[in-house]
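Following: one structure in structure tokens, then a few remarks.
Bear in mind these aren't lab numbers, they're just calculated from the coordinates by the rules spelled out. No experiment lies behind these values; they were computed from the predicted model shown. Glycine also receives a Cβ, built like all others from the backbone with ideal geometry; neighbour counts cover every protein chain displayed.
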Amino acid sequence: MYVANKRKSKLSLTNKLLIYIIILKPIWTYGVPLWGTASQSNIEILRRLQNKILRMATDAPWYIPNHMLHTDLQIPTIREEITRLSTNYKAKIEVHPNKLTTSLLEKQGPGRLRRYSPFDLSHRFIT
């Protein structure tokens, strides 16, 4: 029996990436509203996990940079995915037929500490 996360797995790279895209990615993208408002350190945990999975799937040596893995495999980073999904969500709310949903886009009083609201996500990671 061969497991996809073993470095010497007999699965092809295409199948390993399919496992990531079909099984693992929906798990963490489902939590984007939660993870997107999380602290930088919690998002870094997700980023490290994603890089580790991609590195194991490709059996890449240590000297290959993570950004090269993302570029070659055409897989967006965690931050890019959070930005894309939150932008799409914000656009859907703006054109929603129920007028009460547009009030969700307005600020709800003074911001507390250094917390992010779900609607700040579309521009949180833009540098």
(message) Among the listed pairs K25/K92; K52/K90; K10/K52, which have their C-alpha atoms separated by more than 28 angstrom in this model?
(response) K52/K90
(request) Between W62 and K99, take the C-beta separation as r, use R0 = 41 Å, and let me know the FRET efficiency to the nearest 0.05. (result) 0.15
(message) Testing the spin-label approximation: label points 7 Å from Cα along Cα→Cβ at A91 and N15. State their distance in nm.
(response) 3.6 nm
(message) Can you return the aspartates and glutamates within cross-link range of K16? Criterion is Cα-Cα under 13 Å, with same-chain partners fewer than 8 residues away left out.
(response) D59
(message) I need the phi-derived Karplus couplings for segment 10-16: 6.51 cos²θ - 1.76 cosθ + 1.60, θ = phi - 60°, integer Hz, Gly and Pro marked x.
(response) 7, 5, 6, 4, 4, 5, 5
